[in-house]
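Before any comments, here is the structure.
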Amino acid sequence: MELIRGRHSVGEANYHLQFTPKYRRDIFLDRVVRQVCAESFKETAEGLGLVIHALEFGPDHVHVFVGACKNYGAAEVARRLKGASSRRIRQECQDRIKPKLWGKAFWTAGYFYRSVGSTTSQNIKHYIEQSQSRHWKTTTPEAYKAKAQRTLNQYLT
């Protein structure tokens, strides 16, 4: 167990977070968008004094395991990570995301979080890496695009 020591406290605060792009679009099929998002998360976490133990993408979501969160609640960590990454992705990848997103929002308003304690960082990292790898084992980004959801009009014709 990794305990964080402060001047007047000793403890552990880790969060497993999951964020989804607006309209659950498969934005993360694009390697560059994944890279920019990951870099933004890492820089934001470092600036807050947090540690990212694991970071894995599915085609339409991202899982982040953040540790050393003694000064921040889950809502604040989520707000900071989502806000900074949205801004950076829109600045650096606008042409890549424009066909799938419109307006100013990149992420959905909600998110999943779980406070993680009494387990090791390695266990959570393993869980996130293994659970996300299934999205990519049976398909490539190209194959995933080919299986895109049909519209109602396509079913009616």
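Couple of notes before you dig in:
- Search result, residues across region 1-32 that are under 15 Å from residue 85 (Cα atoms) and in contact with an Asp or Glu (Cβ under 9 Å, 6 or more places away or on another chain): 20, 21, 27, 28, 32
- When each of 11, 58, 6 is tested for being of a type outside the set (Asp, Glu), surrounded by 18 or more Cβ atoms within 10 Å (Cβ to Cβ) and farther than 15 Å from residue 77 by Cα, the lone residue that passes is 58.
- Count of region 21-33 residues, restricted to those that are in contact with a strand residue (DSSP E or B) (Cβ under 8 Å, 6 or more places away or on another chain) and surrounded by fewer than 18 Cβ atoms within 10 Å (Cβ to Cβ), is 1.
- Whether a residue is in contact with a Cys (Cβ under 9 Å, 6 or more places away or on another chain) and closer than 20 Å to residue 111 by Cα was assessed, and residue 40 does not pass this test.
- Of the residues 86, 133, the single one that is hydroxyl-bearing (Ser, Thr, Tyr), at pLDDT 95 or above and more than 16 Å from residue 13 (Cα to Cα) is 86.
- Test: residue in region 24-33 that is in contact with a Cys (Cβ under 8 Å, 6 or more places away or on another chain) and of a type in the set (Asp, Glu): yes
- Single condition residue 23 does not satisfy, out of (1) without any contact (Cβ under 8 Å) to a residue 60 or more places away in the chain; (2) at positive phi: (1)
- Boolean, residue 82 is within 13 Å of the chain's Cα centre (by Cα) and of a type in the set (Lys, Arg): yes
- Of the numbered criteria (1) buried (at least 19 other Cβ atoms within 10 Å of the Cβ); (2) closer than 14 Å to residue 112 by Cβ; (3) not acidic (Asp, Glu), the one residue 45 fails is (2).
The values are calculated or read from the model by the stated rules, or taken from the named source; none is laboratory data. Quantities reported herein were computed from a predicted structural model and do not represent experimental measurements. Note: ideal-geometry Cβ built from the backbone for every residue, glycine included; neighbour counts use all protein chains shown.
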